[in-house]
Amino acid sequence: MHITLEQLNNFIAVFELNSFTKAAELLNKTQPSVTLNIKSLEEQMDVSLFDRSHNRIIPTIAGVNFYTEAKKVIKQVDSLKQVMLSLNGSVKV
């Protein structure tokens, strides 16, 4: 399993905005690319992160738990970037 930061950021945006379309707008991506990104993430983990059976998306229990952990990962990556910036003045991730 290989989870990317892009997948985590896409997931977090969809979770927080309750919308694939709004998340795509926020991320400057197309809605189909965000949807495929989340679908790929779900397939990799063999779990549904959102219930799509209604006219809106609802996070599953797995989705809520994944959100909590994804936020921690992104916070750690941001912290790592700050440490590296303080050491050499520039970082690319």
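Results, tabulated for the structure shown:
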read-out	value
Residue within segment 79-92 that is within 17 Å of the chain's Cα centre (by Cα), loosely packed, with under 15 Cβ neighbours inside 10 Å and of a type in the set (A, V, I, L, M) present	no
Count - residues of segment 22-34 that are over 17 Å from Tyr67 (Cβ atoms), among the β-branched types (Val, Ile, Thr) and open to solvent by less than 70 Å² (accessible area, probe 1.4 Å)	0
Scope segment 37-72; condition of a type in the set (Val, Ile, Thr), surrounded by 14 or more Cβ atoms within 10 Å (Cβ to Cβ) and part of a helix (DSSP H, G or I); matching residues	Ile38
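The values are calculated or read from the model by the stated rules, or taken from the named source; none is laboratory data. In this text the structure is predicted, and so the values were computed from the model without any measurement. Cβ atoms come from the backbone with ideal geometry, glycine included; neighbour counts cover every protein chain shown. These accessible areas exclude ligands, DNA and RNA; they are computed on the full protein's heavy atoms, side chains included. Shrake-Rupley method; radii C 1.70, N 1.55, O 1.52, S 1.80 Å.
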